[in-house]
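Some notes on the structure that comes next.
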Amino acid sequence: MNVAQAALPPVDLTSLSLEDLMNVKVTSVSRRPQSLADTAAAVFVITQDDIRRSGVTSIPEALRMVPGVEVARIDGNKWAVTARGFNGRFADKLLVMIDGRSVYTPLFSGVFWDAQDTMLEDIDRIEVVRGPGASLWGANAVNGVINIVTKQARDTQGALVVAGGGSEERGFTSLRYGGQANDDTYYRGYLKYFNQGSQEFIGGGEAADDWQVGRAGFRVDWEPATRPDAVTVQGDIYRGVVGTTGAVHSLTPPFAETVNRDDDIFGANLLTRWTRSFADGSDMALQVYYDLTSTAELGTSTTEHTFDVDFQHHFQPDDRNDIVWGAGYRLYAAQFDGSFDVSFSDNHRTDYLANAFLQDDVTLLPDELHLTLGSKLEYNSFTGFEIEPTARMIWTPDDRQSVWAAASRATRTPSQTTDSISLNSVVPPGDPGNPFPLPVLVTIAGNSNEVSEDVVSFELGYRVRPTDDLSLDIASFYNLYHNLVTVETVGASLQPGFVLVNERFDNLGSARTYGVEMAADWRVAPWWRLQGAYTYLHLDIDRDPGSNDPLIEQTSGRDPAHQVSLRSSFDIADDWEFDLWGRFVSDLPERGVDGYFTFDARLGWRPTDGVELALVGQNLFDARHLEFTPELINTTPTEVPRSVYGKVTVNF
């Protein structure tokens, strides 16, 4: 719910020095424009130029650049994305926004990444905050906040055509046109379509995880020169077909059957934002949006409606205090159509979330020492009141370095899944996990008495620019988690023809995590740039007394201990670019995933102004590799293959 971003001026991030990049304004830490160098948090900004030169074709792929963020592909259209641990397709500790619109689903407090997309050329930047952001953004901003900010309409004037295809990218195209209605009003509209082929099953063979999606959207910005107001209206609509291979269970032989399904996805959203600046330097913003999402998978479907209103006010009562406060309300309505494998005790339900927040940035020593204190108070339909405070301090002894520290508390409220879902699976007789001569039906039920997961986080960071051409950013953290969700066995009984094992979600887990994240940016020469990142993560997860969950201690096996990334950008000549990107991800022993190394290359050529040709190769050193395996829903994982594609971009 970022209503402050409209106040930011357009910035050309492609030609900035390292000093200029450190002064780029971000809004995800304080909900007001703030220099990256002055933020008391672990922040990484992906620029439009980073997206273009990396050769990525989706938002999850772009997030692989960020230290501390884990991105693993489960199959051709499903991802596991998180920050600082607890990864999975249904990872639930990361808040994701697109232009201030929260895109995490209340179904499981996570993100359907196959449904989250926009025209990549329209993205201005992606702000990624690792660590709790709940004092401003609320529940589910436990391990981080991702804020995807698109360009203002005045920065996308004229026509843009993008087209291409290749071995895995069967074909893609985007069309955009931007114009000016009058001196104060700018607009743009876009169309986007892609058709992506199937990946390969483990051990070989073409899978059925191909998919295709069409999308359209618009944005209108009104900024009158004679008034201190600005209004933005924007919206998107999409429809697609997503392929999945997975297991469907029954209590009759063969008990489990692997099927291929092509399921429809559909969604639409509409957002309006009004901002006003006042003569005393204060400002206010009001944002309202509606979001519709419809998904289907292996015989189940979900339709969700979200209505959200958010208000914030920023002012400076004196020279020492910079205050932002606000309030909001969000309403969810969901409808579920289940199957034998997945169903809900309440097929129609409505949930709500009301909140208020206050944060004060206190200047202790001008231009040197700042203290930030704040908290968010929420009331939700699952657990009632939640309080999420933070304290942050940053010391900037000179214009080349800063040290920051933070202590925060954040919560992850229960989701509709853990509250009222029923998950069924069948273990056939003769299976090594079944000691009975009958099939075993294992049912995992929701728990309406579930409480919120919570984390107390301690962070310490250091930024330094030792030379004009080199910058380093180091962040460390130590987190203590309580009331983590577990799956507890509550009973077993003999039924006619099968054995029933009843399990349910509970909050009998705890964890301790710590790690270090490093990023480096080196302008080796005016024509050569190196960007490196390293992440170390350690997790200790335990069962609380009374828990019989046999699997929670294996949760740490979802997250790699080490991740390394190195990107090289060469400007060979005025019209030629050559980019290389190598990544190493260590193994996931509990998921049966070996460590892997990927190597991507991009060659770009601008034969004339407004025309760019690019040839991109991905995973060039490996025929294919596995990155993750699913949990809860038994879809079949596939391996990421080597791929090559070509792309043409024309501006006119």
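When the alpha carbon coordinates of region 5-651 are projected onto the principal axes, the ranges are 76, 54, 47 Å, largest first. The listed peptides 298-306, 190-198, ordered by packing as a protection proxy, come out as 190-198, 298-306 (highest mean of other Cβ atoms within 10 Å first).
Phi-derived couplings, Karplus 6.51 cos²θ - 1.76 cosθ + 1.60 at θ = phi - 60°, listed residue by residue for region 635-646: 7, 8, x, 10, 9, 7, x, 5, 8, 9, 8, x Hz, with x used for Gly and Pro.
Scanning residues 5 or more positions from Ala492 or on other chains, those with amide H under 5 Å from its amide H are Asn502, with H placed 1.01 Å from N in the peptide plane. Between the alpha-carbon centers of region 258-300 and region 34-61, tell me the distance in whole angstrom. That distance is 22 Å. Taking a sphere under 9 Å around the Cβ of Gly110 and counting the other residues whose Cβ falls inside, with K and R at +1 and D and E at -1, yields a net charge of +1. Take each peptide in 605-612, 325-332, count the other Cβ atoms within 10 Å of every residue, and average; sorted highest first, the result is 325-332, 605-612.
Hey, what did the chain get for relative contact order, percent, Cα under 8 Å, at least 6 apart?
Working: 1894 pairs, mean separation 77.4, N = 652.
Relative contact order for the chain comes out at 12 percent.
Using just its DSSP H runs of length 4 or more, each adding -39500 (n - 2.57), the chain gives a mean residue ellipticity at 222 nm of -500 deg cm²/dmol after division by all residues. Summing Lys and Arg as +1 and Asp and Glu as -1 over all other residues whose Cβ lies under 14 Å from the Cβ of Asp183 gives a net charge of -1.
Taking the mean number of other Cβ atoms within 10 Å as a proxy for protection, how do you rank 406-413, 74-81, 447-454 from highest to lowest?
Values: 406-413: 23.5, 74-81: 25.1, 447-454: 19.0.
Result, highest mean first: 74-81, 406-413, 447-454.
Of the cross-linked pairs Lys151/Lys647; Lys25/Lys647; Lys78/Lys192, which ones have a Cα-Cα span greater than 24 Å in the structure shown? Beyond 24 Å between Cα atoms: Lys25/Lys647.
Measuring nothing but how far apart in sequence close Cα pairs (under 8 Å, 6+ apart) lie, relative to its length, region 298-425 scores a relative contact order of 20 percent.
Other residues within the sphere of radius under 9 Å centred on the Cβ of Leu603, judged by their own Cβ, net out at -1 (K and R +1, D and E -1). Couplings 3J(HN,Hα) for region 176-190, derived from phi with the Karplus relation 6.51 cos²θ - 1.76 cosθ + 1.60 (θ = phi - 60°), are 9, 9, x, x, 10, 6, 7, 5, 10, 10, 10, 8, 8, x, 9 Hz, where x marks Gly and Pro.
Quick note: the coordinates plus some simple rules give every number you see, no bench work behind them. Everything numeric in this text was worked out from a predicted model, so none of it was measured. Cβ sites come from the backbone with ideal geometry, for glycine too, and all protein chains shown count toward neighbours.
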